[in-house]
Amino acid sequence: MVLIAITGTPGVGKTSVSAELRRRGYEVVDANEHLRAHGLLTEKDVPRDTFNVDMEAFNDSLEEYRRKDGVVFIDSHLSHGTDCSRIIVLRCRPSVLAERLRKRGYSEAKVRENVQAEVLDVILCEATDTDIPVNEYDCSEGTPSDAVDFIERILNGEIELGPPGRVDWSGEMEEWF
Ligand code: ADP
Ligand code: MG
């Protein structure tokens, strides 16, 4: 079994890309649902991706998927912390991300917190700190389908590992901080 982590700051497009992956016939684990089903999430933690998860228990709970054939994706901003074969870090331009999160009803404080995490490459750095191969894909423009085309090229071995940090939002720092 090949487990592939679809990760990134809240709002970058993980769940939209996951929906397109499912549409093309792939199995995608919705981590929120999965964690709840395994009793690893309390209800009060569910809204807005702010929950604290026992990562070891989360990782162990994915064993059922590791035993299967084929490819399974995991939709979660925590997925890069599991034993997976590949990490895809979705990215989003800060100004676009802020608009997406505002539309979702996030407070301005929460918007800034997430924009800061995106500008500082927090998830990318966590991902590249593992020994697992990492690719980034920018979901600021285009469609989830474009992202899935990219992911399928990875599956087909058509895409080399990009040097991490190809996406660089540091030029937008001043606008925010
Ligand atoms: P996440 O699961 O990472 O929090 P969502 O998929 O829930 O993000 O939200 C991303 C939002 O951005 C959705 O409203 C989606 O329609 C929009 N969007 C616009 N362009 C893209 C793109 N290229 N890829 C993914 N999402 C996009
Ligand atoms: Mg999501």
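The values are calculated or read from the model by the stated rules, or taken from the named source; none is laboratory data. If you're wondering where the values come from, they're calculated on a predicted model, not measured in any experiment. Here the Cβ positions follow ideal geometry from the backbone for every residue, glycine too, while neighbour counts run over all protein chains shown. Just the protein is used for accessible areas: all its heavy atoms, side chains included, with ligands, DNA and RNA removed. Shrake-Rupley method; radii C 1.70, N 1.55, O 1.52, S 1.80 Å.
Could you report region 84-125's accessible area per residue, 1.4 Å probe, as an integer in Å²?
43
So if we plug the beta-carbon distance of Glu33 and Lys110 into 1/(1 + (r/R0)^6) with R0 = 22 Å, what FRET efficiency do we get, rounded to 0.05?
After rounding, the FRET efficiency stands at 0.45.
Just how much of Ser95 is accessible, in Å², when a 1.4 Å probe is used and the result is rounded to the nearest 10?
Probe radius 1.4 Å; accessible area of Ser95 about 50 Å².
Putting +1 on Lys and Arg Cβ atoms and -1 on Asp and Glu Cβ atoms, find which of Val96, Gly70, Leu161 reaches farthest to the positive end of the dipole of the chain.
Val96
Roll a 1.4 angstrom probe over the protein heavy atoms and tell me the percent of accessible area of the chain that is carbon or sulfur.
Ligands and nucleic acids excluded, carbon and sulfur reach 46 percent.
Per Stokes-Einstein, at 25 °C and 0.890 mPa s, what whole-number D in µm² s⁻¹ belongs to region 1-115, with the Kirkwood radius over Cα pairs as the hydrodynamic radius?
166
How big is the dipole moment of region 1-118 about its Cα centre under a simple scheme where the beta carbon of each Lys and Arg is +1, that of each Asp and Glu is -1, and everything else is neutral? Debye, nearest 20, please.
Values: 19 positive and 19 negative charges, 138 e Å.
That gives a dipole near 660 debye.
If Lys and Arg each add +1 and Asp and Glu each add -1, what is the summed charge of the other residues whose beta carbon sits under 13 Å from the beta carbon of Ile159?
-2
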